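The values are calculated or read from the model by the stated rules, or taken from the named source; none is laboratory data. If you're wondering where the values come from, they're calculated on a predicted model, not measured in any experiment. Counting neighbours? That spans all protein chains shown, and the Cβs are built from the backbone with ideal geometry, glycine included. All accessible areas refer to the heavy atoms of the entire protein, side chains included, with ligands and DNA or RNA removed. Shrake-Rupley method; radii C 1.70, N 1.55, O 1.52, S 1.80 Å.
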Amino acid sequence: MINKELLNPSSVVVVGGSDDVNKPGGAVLRNLLESNFNGPVYVVNPKAENVQGVKSYASVDDLPHVGCAIIAIAAKFCLETVETLAREKGTRGFVILSAGFSEESEEGARLERKIVEIIDSVGGSLIGPNCTGILTTHYNGQFTSPAPALDAKGIDFISGSGATAVFIVDNGMRKGLKFNSIWSVGNSAQIGVEEALEYLDVTFDPATSSRVKLLYIESMNKPDKFLRHASSLVRKGCRIAGIKSGSSEAGGRAASSHTGALASPDLAVDALFRKAGIVRCHGREELTTVAGIFMYPELRGKNMAVITHAGGPAVMLTDALSNGGMEIPHLSGAKADALLEKLFPGSSVGNPIDFLATGTAEQLGAIIDSCNDDFDAVDGMAVIFGSPGLFPIYDVYELITEKIRASPKPIFPIFPSYGWVKGEIEEFVRGGGAYFPDEVILGTTLAKVFNTPAVQSECPTLPQIDTARVRTVIDRAENGYLAPEQIHELLDAAGIARAREGVADNVEGCVELARRIGFPLVMKVVGPVHKSDVGGVVLNVNDEETVRREFGRMIRIPETHAILLAQQLRGTEVFIGAKREGDFGHIVMCGLGGIFIEALKDVVSDLAPLSENDARGMIRKLQSYAIIQGTRGQEPVNEARFAEMVSRVSALVTAAPEIFEMDLNPLLGNRDDVVAVDARIRIEK
């Protein structure tokens, strides 16, 4: 779908080009002419013979063959223009800047679809419509300005919003970020974020391709394609950060299960990003800060040295790093003493390393060398250096540039006083450096980057389940909640341990069932959603008399049509759930169960399928993980079995995508096993 004429065209025509650079057609022509594009440039403008020094044609009918067309005319004229270019002029790359398509009306959407059909029919590529264009190292097809510095090792940035792309690029340029390509996909009529990622993936060359990708996404229509190519790029050594906006939901969601209440499209996006190893950001500042971190070598450990000549920023940075789970190791001993002797009296090296406002470039160099050579506990450095602007300090910024290039450990430069040392910082940026204006934003973002999980396995190993038996139950089931016997069949087929139980709708049947299962028992109503809220759960049933009495009471509870009896097990209540979330597939969740799921909402989610290792990683992210481990002498939950049950649930919903919602709540976990004692499964075919 994405061809050479779109990214590296042989020739370009600007349809609607003008002398007015305050209009998209004029601005994009100016940018194209000022870029390093060396091929022929044409203009179509019926009102001028010459536009910005380029011969103008009255109509696209008069053009010679042309490789790529940038179109900046009213939407109603675009279809005929595209048809002539595609059918008669051999054009195969199209950038439609014009608005007035699917984003505006159904008529616009129909027009957009017809344009795509024509371009598809000739094997062409389309960016837009309703976009700001595309920028590559070969040409500038955007109407925005100024253009960022381009570098083959810079950032590939794909945005679903042209205006947001402008703001993000502007923010990044001020921090010294370089770009390799900028894709403003607009309405994504043919090429969206997923297709651009696919292209970057299948054409990736480890010797020449950029390894940093930024994404701004407003709609995700093909999450499977997104996951496949994003995770592939990460496995190839790329680093990706992205914003997915528009994920909040107005109002509440009606839900009939704990999983349904907790799951959401945004939770699915979170899980998708984690599965792909993408750092999820929530604003421009955070995104460009992550991009700056990506421009430096990867931090291999969580131990940071904070180097400063100002105490306050160092304290704030230390707090931000520590709150994010990073470590600021104390530095002491003979080598620390030797370093201290090189600094002015009053300096400190315990970490933060403070060499005072009067410190010199030479002293800063000695500190960085010592962190590299003498302190194995240090994995990376954050250098805070500002100035009140009393005198030039180019030597310090030159030294930081040199040390960053030579250091085996990453150095993250924080320059908080741009207005006072503008010249020095601009020289640092011209030398290829990227910097961070705010120490707290860097600290919190660096922790987020470090703590983002590694990309998951492309083909996770799943437990063996009886898929044929699962399909038999599902194929025979009607939409809605399954009966207990159907649930039992599915759990048994999936190898999910469950308590011995049964259902009876009359008192004698209930007594006979109790004898078979054995005491002590739990009795639960069948019908009401929230059983405990209506008095529909009785624990510690130890004799037949209690069975008879409670059956008589419980069967009269509204909506109850039977009573479930189950063996009463001991252990910590935990929870596993799954919910189908559109094209994302199934979100699988786990956490503490019983009433705690509603009170604490401490759950971790991921997308199926999940290996046992993936599931174990989920469990260990729980805030309540210490309870799973057995805090303060309590019996622990068998973590391996808990992880296995999570993985088996993911295998079940993978085999039976018709499962819309599934709750195992609670499961009872002890040091020996994790066993489901209550389950709800809803089918939507």
Rounded to 10°, Cα long-axis angle of helix 361-373 versus longest principal axis of the chain: 40 degrees
Going down the table (Lys342/Lys448; Lys302/Lys422; Lys213/Lys422; Lys76/Lys225; Lys47/Lys114), which pairs top 30 Å between alpha carbons? Lys342/Lys448; Lys302/Lys422; Lys76/Lys225
Total charge dipole magnitude, segment 164-233, about the Cα centre, Cβ charges on Lys, Arg, Asp, Glu only, Debye to nearest 20: 300 debye
Can you list the HN-Hα couplings for segment 125-130, worked out from phi with the Karplus curve (6.51, -1.76, 1.60; θ = phi - 60°), rounded to whole Hz and with x for Gly and Pro? 10, 10, 9, x, x, 6
Per residue, what accessible area does segment 94-186 have, given a 1.4 Å probe and all protein chains present, in Å²? 33 Å²
Treat each spin label as a single point 7 Å out from the Cα along the C-beta direction, and report the Glu362 to Ser532 distance in nm. 7.1 nm
For the ranges 159-165, 312-318, 619-625, 528-534, what's the packing order if you count other beta-carbon atoms within 10 Å of each residue, average per peptide, and put the highest first? 159-165, 312-318, 619-625, 528-534
Please give the length that would be gained between Phe344 and Lys76 if that part of the chain were fully extended, namely 0.36 nm times their separation in residues minus their C-alpha to C-alpha distance (nm, one decimal). 89.3 nm
Approximate spin-label separation Asp205-Asp374, in nm, with each point projected 7 Å along Cα-to-Cβ: 4.6 nm
Taking the Cα atoms only, what angle lies between the long axis of helix 162-174 and the longest principal axis of the chain, rounded to 10 degrees? 70 degrees
With every protein chain present, what is the per residue accessible area of segment 539-616 (1.4 Å probe, Å²)? 44 Å²
At 1.4 Å probe size, with the rest of the protein present, what percent of the exposed accessible area of the chain is carbon and sulfur atoms? 50 percent
Give the calculated FRET efficiency between Asp672 and Arg471 to the nearest 0.05, with a Förster radius of 25 Å applied to their Cβ-Cβ distance. 0.20
Within segment 447-485, report the GluC sites (Glu not before Pro) that DSSP leaves as loop and that have at most 10 other Cβ atoms within 10 Å. Glu458, Glu478
Within the chain, the percent of DSSP beta bridges that are antiparallel, given to the nearest 5, stands at 50 percent
Is the shape of segment 528-685 rounded, prolate or oblate, going by the alpha carbon gyration tensor and its root eigenvalues a ≥ b ≥ c, with a/c under 1.5 for rounded and a/b larger than b/c for prolate? oblate
Which whole-angstrom value gives the distance between the alpha carbon centres of segment 81-126 and segment 161-210? 21 Å
Angle, helix 484-494 long axis vs. longest principal axis of the chain, Cα atoms, 0 to 90°, nearest 10? 60 degrees
Per residue accessible area in Å² of segment 292-448, where ligands, DNA and RNA are left out and the probe is 1.4 Å: 44 Å²
Two-site label geometry, Lys47 and Glu104: point separation in nm, points 7 Å out along Cα→Cβ: 1.8 nm
For segment 357-435, which GluC sites (Glu not before Pro) are both in a DSSP coil and crowded by at most 14 other Cβ atoms within 10 Å? none
Hey, if you put +1 on the Cβ of every Lys and Arg and -1 on every Asp and Glu Cβ in the chain, which of Ala454, Ile496, Ile393 ends up farthest toward the positive end of that dipole? Ile496
How far, in nm, would the chain grow between Lys236 and Glu426 when pulled straight, counting 0.36 nm per residue and subtracting the alpha carbon separation? 65.1 nm
Could you tell me which residue out of Phe226, Pro413, Ala338 lies farthest along the dipole of the chain toward its positive end? Charges go on the beta carbon: Lys and Arg +1, Asp and Glu -1, centred on the Cα centre. Phe226
Whole angstrom only: what separates the Cα centroid of segment 360-430 from the Cα centroid of segment 531-589? 63 Å
Given Cβ point charges of +1 (Lys, Arg) and -1 (Asp, Glu) and nothing else, what value in debye, to the nearest 20, does the dipole of the chain about its Cα centre take? 420 debye
With no solvent and one equal point scatterer placed on each C-alpha of segment 89-241, evaluate the Debye formula and give log10 I(q)/I(0) for q = 0.12 Å⁻¹, two decimals. -0.50
On the Cα set of segment 388-436, report Rg and Dmax in Å, please. 10.6, 33
Provide the packing ranking of 45-56, 546-557, i.e. peptides ordered by the mean count of other C-beta atoms within 10 Å per residue, highest first. 546-557, 45-56
Could you run the Karplus curve 6.51 cos²θ - 1.76 cosθ + 1.60 with θ = phi - 60° over segment 628-635 and give me ³J(HN,Hα) per residue in whole Hz, x for Gly and Pro? 4, 6, x, 5, 6, x, 6, 5
Rounded if a/c is under 1.5, else prolate if a/b is larger than b/c, else oblate: which is segment 313-414, with a ≥ b ≥ c the root eigenvalues of its Cα gyration tensor? rounded
With unit charges on the beta carbons (Lys and Arg positive, Asp and Glu negative) and the dipole taken about the Cα centre of the chain, which residue among Ile384, Thr137, Pro313 sits farthest to the positive side? Thr137
Within segment 105-150: Cβ-based charge dipole about Cα centre, in debye rounded to nearest 20 (Lys, Arg +1; Asp, Glu -1): 120 debye
